[in-house]
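Participant: Sharing a structure with you now.
The values are calculated or read from the model by the stated rules, or taken from the named source; none is laboratory data. Since the model is a prediction, treat every value here as computed from it, not as a measurement. Neighbour counts run over all protein chains shown; Cβ positions are idealised from the backbone, glycine included. The protein model used for the area step is the full one, side chains on, heavy atoms only, and it has no ligands, DNA or RNA in it. Shrake-Rupley method; radii C 1.70, N 1.55, O 1.52, S 1.80 Å.
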Amino acid sequence: VPVIADVLTRLGVAGSVLNGPELLRVRLTVSAARIAVAELTRVAADAPSAAIRVVPLPDRALDRRLLESIGDEGEVLDTASPALFRARREIHSARERLVKKLESILRSAEAQAVPQGAQVTIREDRYVIPVRRDARQRPEGIIHGESGSAGTLFIEPTAAIESGNALRSAIARAEQEELAVLRELTELVRPERHLVGAAHAMCVEGDDLLARVRYSHAVEASVPTVGSDAIDLRQARHPLLLARGLEVVPFDLLLEPNERTLLISGPNAGGKTVLHKTTGLAMVLAQSGIAPPVGPGTRLPVIDGIFVDIGD
């Protein structure tokens, strides 16, 4: 799921309007949450502690409205409203009329007045035609720029100004309709923001849980007994060495409740520090809800601190 903390904050501000990409993040979150709910519900019998993470979701009508209104790039779709569809269709028609008029003016201009291969182009958000600066007879109109060599002017002919204004008006109407859609969608989402936030948290928790399960399978971990008075490691392996793809030699270690110190001697690079670190990491991983790379029968205590001084 995407990050939506900022979206949820904005929804808490009355009168705020989410943009398309922000509404897309809401859409993706709710969609992912429905998949998560289905999966957590499916495993409820075997994994009740996972299934209790299921939370209520917004009505499916919200999903449908967002899906028909917001595209995969965060754009507002034509299907968002009939008025928006009509406004955008009018933009297309107005642009087509304007380009045809400008092309007609280009064709009727004297050959020496326009550069070879001249075409309708855009300058300063207005449709224009290129005209030679030194042309004695060129169309009347507004100059919106010149070429890099200054030999060509880009002119909006007077005869096309009305059509250009009509296009700008159509674009403005479409922008107003798009804003109206965004405001409507925001007001649909706003009352559901707490449900959306809870759904997002559920997805994150489910993702975290799945990552821990996948890790335990990857390192062939066993779930240890936690709460023992002894440290009883079976076939323990250093998790970081495993992650580097190195061949790791497992070890067993037993410290009974009355044993407070373990003294290890041996040659350099013999594995003394690896054993120390593996022991600490196994206990920290287990207390973090992550099955460490240990074998069946491992027992670990619950600890409230680890104190380390490692060095030469």
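Participant: Only one of Leu24, Leu40, Leu67 is among the hydrophobic types (A, V, I, L, M, F, W, C) and under 15 Å from the mean Cα position of the chain (by Cα). Can you tell me which?
Facilitator: Leu24
Participant: Tell me yes or no: at least one residue of the stretch 92-102 is farther than 19 Å from Ala159 by Cα and either at pLDDT 90 or above or not acidic (Asp, Glu) (or both).
Facilitator: yes
Participant: Also, I was wondering about something else. Sort through Arg132, Arg123 and tell me the only one that's charged (D, E, K, R), open to solvent by 40 Å² or more (accessible area, probe 1.4 Å), out of contact with any Cys (no Cβ under 9 Å at 6 or more places or on another chain) and at pLDDT 85 or above.
Facilitator: The unique qualifying residue is Arg123.
Participant: Okay, moving on. Residues to consider are Ser108, Ser93, Ser104, Ser81; find the one that is among the hydroxyl-bearing types (Ser, Thr, Tyr) and crowded, with 18+ Cβ neighbours inside 10 Å.
Facilitator: Ser81
Participant: May I ask you to list the residues in the stretch 141-182 that are open to solvent by 70 Å² or more (accessible area, probe 1.4 Å), among the charged types (D, E, K, R) and not in a helix (DSSP H, G or I)?
Facilitator: Glu146
Participant: So, one more: Every residue in the stretch 47-56 that is open to solvent by 40 Å² or more (accessible area, probe 1.4 Å) and either modelled with pLDDT under 95 or of a type in the set (A, V, I, L, M, F, W, C) (or both), please.
Facilitator: Passing the criteria: Pro48, Ser49, Ile52, Arg53, Val54.
Participant: If the requirement is being open to solvent by less than 70 Å² (accessible area, probe 1.4 Å) and touching a Gly at 6+ places or on another chain (Cβ under 9 Å), which of these qualifies: Ala286, Ala236, Ala201?
Facilitator: The match here is Ala236.
Participant: Return the pairs, sorted by first residue and then second, in which the second residue is open to solvent by 40 Å² or more (accessible area, probe 1.4 Å) and hydrophobic (A, V, I, L, M, F, W, C), the first residue lies in the stretch 230-249 and is in a strand (DSSP E or B), the beta carbons are less than 8 Å apart, and the residues are 6+ apart or on different chains.
Facilitator: Within 8 Å, the pairs are Ile231/Leu254; Asp232/Leu254; Leu233/Leu254.
Participant: Limited to the stretch 1-26, what total is found for residues that are under 20 Å from Val181 (Cα atoms) and open to solvent by 30 Å² or more (accessible area, probe 1.4 Å)?
Facilitator: Summing the residues that are under 20 Å from Val181 (Cα atoms) and open to solvent by 30 Å² or more (accessible area, probe 1.4 Å) in the stretch 1-26 gives 10.
Participant: So Leu185 clears everything in (1) open to solvent by less than 90 Å² (accessible area, probe 1.4 Å); (2) more than 30 Å from Gly12 (Cα to Cα) except one condition, right? Which one?
Facilitator: Tallying (1) open to solvent by less than 90 Å² (accessible area, probe 1.4 Å); (2) more than 30 Å from Gly12 (Cα to Cα), Leu185 fails exactly one: (2).
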